[in-house]
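Student: Encoded as structure tokens, here's the structure I'll be asking about.
The values are calculated or read from the model by the stated rules, or taken from the named source; none is laboratory data. This structure is a prediction, so every number in the text was calculated from the model and none was measured. Positions of Cβ are generated from backbone atoms using ideal geometry, with glycine treated the same way; all protein chains shown enter the neighbour counts.
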Amino acid sequence: MTKKKIVLLDGNSLAYRAFFALPLLTNDSGIHTNAVYGFTMMLQNILADEKPTHILVAWDAGKTTFRHKTFGEYKGGRQKTPPELSEQFPYLRKLLTAYNIPQYELDNYEADDIIGTLSQLSEVDKSEVVVISGDKDLTQLASEHTTVFITRKGMTDIEKYTPLHVMEKYGIEPPQIIDMKGLMGDASDNIPGVPGVGEKTALKLLKEYGSVENVYKAIDKITAKKLKENLVENEQQAYMSKELATIEVNAPITISVENLSYDGPDMEQVADIYQELKFKTLLEKIAPQKAIEPQQAIDVGVLTNPTDEDFTDEMAIHIEMMDENYLTADIIGIGLADDNQVLYMSFAVAKESDAFKKWLQNPDNKKYTSDSKSALASLANQGMAIEGIEFDLLLATYIVNPSTSYTDVASVAREFEYTDVQQDEFVYGKGAKKSIPAQEAVAEHAGRKVQAIWKLRPIIEEKLKANDQFELYEELELPLAKILGKMESTGVKVDRDTLRAIGEELSVKLAKLEADIYDIAGEKFNINSPKQLGVILFDKIGLTPIKKTKTGYSTAADVLEKLESQHEIIGHILNYRQLGKLNSTYIEGLLKEIHEDGKIHTRFQQALTQTGRLSSINPNLQNIPVRLEEGRKIRAAFVPSEPGWYLFAADYSQIELRVLAHMSQDEKLIEAFRADADIHTQTAMDVFGVSTEEVTSDMRRAAKAVNFGIVYGISDYGLSQSLDITRKDAAKFIDTYLASFPGVKQYMDDIVVDAKMKGYVTTLMNRRRYLPEITSSNFNLRSFAERTAMNTPIQGSAADIIKKAMIDMAARIEAEGLQTRMLLQVHDELIFEAPEDEIEKLKLIVPEVMESALALDVPLKVDWAFGLSWYDTK
DNA sequence: GAAGTCACG
DNA sequence: ACGTACGTGACTTCT
């Protein structure tokens, strides 16, 4: 038989942890569910990661235990279990039953003792044991075969205590944890310990003497007067505390390891409980088909020879594809629906049908879609045009709440309690088994989607109007989808030979760097592996690690830069990393993405970011190198797609700070932009109290970092990192800045208060972002939400502005009858390609249109350039 | 699939 | 005392 793997969970401790770690969630039925939810999340991770053969959840039994005989006040002074938590225990037990996980409790004993006893029993046959708790006391059980997992903030983040880890962290062996508690006590269990002895002192004593007993044997050697006095006076209390903290490993349990064998959950039962508790995401994960099993039968009419009568002047339409990349996927078929019918055509039929194409092109026929950009671009790929799109389920849902980042109709629909659509994965399968099923099944699937679109439209439009977001949706996002679709199908021409030439140069340099690095290190290793690199740098060479990650030493660039002067290998590694990145992501990566037409067709995700920005995928063309010259050369491969044409690039100057000036109404900031001042220099003048001439480059650099910080929702730590100064100095900088720009300070204070009150923040065009964590009692979560509250209106309004500019530019290009094509958007810049004879016009039109996209109380400023490649637009 | 790293605004 | 800058996507390694 394979080796046993036994997982023992401390039920009460984990339930408490989950309860306090997560916000107090309530489901529709008014039951609080946060503890059950957190527990479940953790359990799922454990089952997946550890794959136990045996498992047990141990519970505390009743109020009194044998420890109360030793010390009446044991666990005294504890707050009563909150009723919101108590009510969750029955669900937890039920859930565990459904999981087929044994549970056990024993009169007079705590869960620790059950776990301790079982782990001791398992030591005999050397089984691997994992103990899981939220209580660090359990770490005393760590041994060669037993690892103790303690949950940290949240429930899924876990710290693993092996004897080695205990030694690294405390400098003592696991059994000495008991001695530590004996000396320092434990406030949460009301274990007294020795007054005046905390963790530091306890550990110092134990490192010197080894145990409580030995401390007292050597009591005369202790020179610190007060400490010695405390120890002497509390000797009995120290022994008692040690006893209380000791986990009983010989509890009279009536179960054995054999009773704990685990064969997996009863999925039916688990799904039922998830259903009862409304754990939607979990439900989906374990049983997608059950979770979304359509309730109602649907009658889909399959068209083989469509006529004009089949198409009405108002219909939902869905282009069915198996792959999410609509630019490369084949269209399988088309679903249509209105109040009276649900129809389906295979794409072969649709493509040959004049009746359908005529209907499709007629803007008077209103079309409601799930993802209009996908429809536009995929049909355009097939040489088909679609006009008259008036609803987009995906965009509308995104505007209502950007945090619902679904791309498929089934998920979007379920967000609105509409469950009559199946997941694509369920219909097509996944991985290697993914394939197109019989036409009936596709017809039904597509039919359910269009029906959902048809039925959900009024509900979601109502919601948009209620939130005063209908204009944002209808005047901004919907028209933008059409423009983006066109940009995607246009694509941008990329010269393979240029990329290959750069790639060859890189390969030569990389080979040399690699050889040099091996030479210096004295051995071959994988430079791309942070783990192996860490061993070479910090263990073999002996450099001092500056930062740690969850898994080991950090070898990130900012760390390596600090070490650069200490060893010649560092520079080579930084160089290797930089060039390696260029080669793998931008040479090899981009070459793979060039289509047969010699172009790259990225997709802009319009319903993804939390702020309203676009994102770009497959490939990402919004992060093509520019900051360093070596990388910037990549841009030389991006060229116009027609002979005699140019690329024309225009970018907003300081758009985020201009938005801040407008939104905060800070007089000085407004004045600076009206005077068209260099904003970083101006900031330096104000913060350092000097004149223009006195601003040094370091002062300007610092001011620039502060300006960035302000936009991000500043923290002293963040600024200290970016400027490599102390936190104190950073804090001083920030104070001085905010004193110089009182309007900004007022705005930042107000926005946080406002977000707490409303639960969300908004942009200039009324885009929303909900920030539920802004009222969290968890410092980190709350702080993060506060910074987000400060940043999102700025970043999001800038996104609104450039989106508006794109719509205006497309209209202007059309109105002027230009051949110019919009190709890319990179957050604050637009890239066009244009015939030479239109360049003069663009020089005028582009800045004019972009600068007047939205009238602010400060001017918007646009810089532009053109050239024969993207590299030359500088 | 997560973690680490690094490219962009 | 907490442990951080805001928003993204892609690649590599490693479990």
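Student: What number of residues in region A:615-634 are part of a loop (DSSP other than H, G, I, E, B) and away from DNA strand B (no atom under 11 Å from the Cβ)?
Tutor: Residues in region A:615-634 being part of a loop (DSSP other than H, G, I, E, B) and away from DNA strand B (no atom under 11 Å from the Cβ): 2 in total.
Student: Based on what the data block shows, is residue A:563 buried (at least 18 other Cβ atoms within 10 Å of the Cβ) and either in a helix (DSSP H, G or I) or within 11 Å of DNA strand B (Cβ to nearest atom) (or both)? Please lay out each step first, then the result.
Tutor: On the way: buried (at least 18 other Cβ atoms within 10 Å of the Cβ): yes; either in a helix (DSSP H, G or I) or within 11 Å of DNA strand B (Cβ to nearest atom) (or both): yes.
For residue A:563, the condition - buried (at least 18 other Cβ atoms within 10 Å of the Cβ) and either in a helix (DSSP H, G or I) or within 11 Å of DNA strand B (Cβ to nearest atom) (or both) - is met.
Student: The conditions are (1) closer than 26 Å to residue A:767 by Cβ; (2) part of a helix (DSSP H, G or I), and residue A:448 fails exactly one of them. Which is it?
Tutor: Failed condition: (1).
Conditions tested, residue by residue: (1) in contact with a helix residue (DSSP H, G or I) (Cβ under 8 Å, 6 or more places away or on another chain); (2) surrounded by 15 or more Cβ atoms within 10 Å (Cβ to Cβ); (3) under 30 Å from residue A:621 (Cβ atoms).
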position	(1), (2), (3)
A:524	yes, no, no
A:570	yes, yes, no
A:575	yes, yes, yes
A:582	yes, yes, yes
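Student: Give just the number: which of (1) touching a strand residue (DSSP E or B) at 6+ places or on another chain (Cβ under 9 Å); (2) away from DNA strand C (no atom under 11 Å from the Cβ) does residue A:591 not satisfy?
Tutor: (2)
Student: Now a separate question. Give the residues of region A:499-551 that are assigned to a loop (DSSP other than H, G, I, E, B) and within 13 Å of DNA strand B (Cβ to nearest atom), sorted by residue number.
Tutor: A:526, A:527, A:528, A:529, A:545, A:546, A:547, A:549, A:550, A:551
Student: Let me ask you something else. For residues in region A:301-340 being assigned to a loop (DSSP other than H, G, I, E, B) and closer than 15 Å to residue A:445 by Cα, which is nearest to the chain's Cα centre (by Cα)?
Tutor: Step one: filter region A:301-340 for residues assigned to a loop (DSSP other than H, G, I, E, B), giving A:304-307, A:311-313, A:322-330, A:338-340.
If we keep only those that are closer than 15 Å to residue A:445 by Cα as well, we get A:322-323.
Details: A:322: 26, A:323: 24 Å.
In this case the residue turns out to be A:323.
Student: Would you check which residues across region A:617-630 are within 6 Å of DNA strand C (Cβ to nearest atom) and touching a residue at least 60 places away in the same chain (Cβ under 8 Å) and list them?
Tutor: A:618
Student: Select from region A:761-792 the residues that are among the hydroxyl-bearing types (Ser, Thr, Tyr), within 13 Å of DNA strand C (Cβ to nearest atom) and under 29 Å from residue A:475 (Cα atoms) and write down the one among them that is surrounded by the fewest Cβ atoms within 10 Å (Cβ to Cβ).
Tutor: Ranking the candidates gives A:770 first.
Condition check ((1) buried (at least 20 other Cβ atoms within 10 Å of the Cβ); (2) away from DNA strand C (no atom under 16 Å from the Cβ); (3) closer than 30 Å to residue A:836 by Cα; (4) not basic (Lys, Arg)) across all residues:
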| position | (1), (2), (3), (4) |
| --- | --- |
| A:648 | yes, yes, yes, yes |
| A:685 | yes, yes, no, yes |
| A:693 | no, yes, no, yes |
| A:712 | no, no, no, yes |
| A:718 | no, no, no, yes |
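Student: Test of understanding: among A:276, A:284, which residue is modelled with pLDDT under 80, farther than 21 Å from residue A:47 by Cα, of a type in the set (Asp, Glu) and in a helix (DSSP H, G or I)?
Tutor: Answer to the selection: A:276.
Student: Right, something else. Test of understanding: among A:608, A:590, A:582, which residue is within 30 Å of residue A:640 (Cβ to Cβ), in a loop (DSSP other than H, G, I, E, B), within 27 Å of the chain's Cα centre (by Cα) and not small (Gly, Ala, Ser)?
Tutor: Within the list A:608, A:590, A:582, the selection yields A:608.
Student: Restricting to region A:762-773, what's the tally of residues that are under 17 Å from the mean Cα position of the chain (by Cα) and of a type outside the set (Ser, Thr, Tyr)? If you could, list the steps in order and put the result at the bottom.
Tutor: Initially, region A:762-773 is screened for residues under 17 Å from the mean Cα position of the chain (by Cα), giving A:769-773.
Filter again for of a type outside the set (Ser, Thr, Tyr), leaving A:769, A:771-773.
Result for region A:762-773: 4.
Student: Quick one: in region A:816-867, of everything that is closer than 22 Å to residue A:491 by Cα and small (Gly, Ala, Ser), which residue is farthest from DNA strand C (Cβ to nearest atom)?
Tutor: A:817
Student: Residues that are away from DNA strand C (no atom under 16 Å from the Cβ) and either touching a residue at least 12 places away in the same chain (Cβ under 8 Å) or over 29 Å from residue A:73 (Cα atoms) (or both): find the strands (runs of 3 or more DSSP E) completely inside region A:123-209 holding 2 or more of those.
Tutor: Once the strands (runs of 3 or more DSSP E) in region A:123-209 are filtered for at least 2 residues that are away from DNA strand C (no atom under 16 Å from the Cβ) and either touching a residue at least 12 places away in the same chain (Cβ under 8 Å) or over 29 Å from residue A:73 (Cα atoms) (or both), what remains is A:128-133, A:146-151.
Student: Considering (1) of a type outside the set (Ser, Thr, Tyr); (2) buried (at least 17 other Cβ atoms within 10 Å of the Cβ); (3) more than 33 Å from the chain's Cα centre (by Cα), say which one residue A:674 fails and leave the rest.
Tutor: The failed condition is (2).
Student: Continuing with the same structure: Hey, can you tell me all the residues within region A:526-560 that are surrounded by 14 or more Cβ atoms within 10 Å (Cβ to Cβ), near DNA strand C (Cβ under 10 Å from one of its atoms) and more than 24 Å from residue A:160 (Cα to Cα)?
Tutor: Residue satisfying the conditions is A:527 alone.
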